[in-house]
Amino acid sequence: MRQTFCVYCGKGTGKQTERTDLINDEKYDGNLQIISKKTTRFDTDVWKTVTNDADRVIIKSRTHLTLWDGESYEPLRYGSFCKLRCCEAFANGAYAAGFRVGG
Ligand SMILES: [Zn+2]
């Protein structure tokens, strides 16, 4: 979905992202753009997990990635508006301008 803009305040919608976690020094090998990257290193070797092939792995660091395909955006949450406050302001403005439901 392309980026859309609130008809009241003009604010654009945010990027439609997904998240993934990498462990230790694993590299991201997908095609998505890395929007943010945060690595947490652990001082002790107590962090363990069981991977798909049933090996136990010591987790020394974990990297959270936020990924974007370079073109997809979230839809507006309230039809043509980003927030309920924008719906309310637009409705009150329309009423003040003389618009009435049902003509
Ligand atoms: Zn808005």
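The values are calculated or read from the model by the stated rules, or taken from the named source; none is laboratory data. Fair warning: this is a prediction, and the values are worked out from it, not measured in the lab. All Cβ positions, glycine included, derive from the backbone under ideal geometry; neighbour counts span all protein chains shown.
One residue stands out among those in segment 1-18 that are among the β-branched types (Val, Ile, Thr) and either within 16 Å of the ligand (Cβ to nearest atom) or more than 17 Å from Leu67 (Cα to Cα) (or both): the one that is surrounded by the most Cβ atoms within 10 Å (Cβ to Cβ), which is Thr13. Starting from segment 4-21, take each residue that is under 30 Å from Arg62 (Cα atoms) and list its partners that are modelled with pLDDT under 95 and more than 8 Å from the ligand (Cβ to nearest atom), counting only C-beta distances under 6 angstrom and pairs at least six apart or across chains. Here the result reads Asp21/Arg62, each pair linking segment 4-21 to a residue that is modelled with pLDDT under 95 and more than 8 Å from the ligand (Cβ to nearest atom).
Taken over segment 73-92, residues that are in a helix (DSSP H, G or I), surrounded by 12 or more Cβ atoms within 10 Å (Cβ to Cβ) and more than 8 Å from the ligand (Cβ to nearest atom) amount to 5.
Determine whether segment 54-61 contains at least one residue that is outside any loop (DSSP other than H, G, I, E, B), polar (S, T, N, Q), modelled with pLDDT under 95 and surrounded by 13 or more Cβ atoms within 10 Å (Cβ to Cβ). Checked segment 54-61: at least one residue is outside any loop (DSSP other than H, G, I, E, B), polar (S, T, N, Q), modelled with pLDDT under 95 and surrounded by 13 or more Cβ atoms within 10 Å (Cβ to Cβ). Taken over segment 19-32, the residue count meeting the criterion of being in a strand (DSSP E or B) and surrounded by 13 or more Cβ atoms within 10 Å (Cβ to Cβ) is 3.
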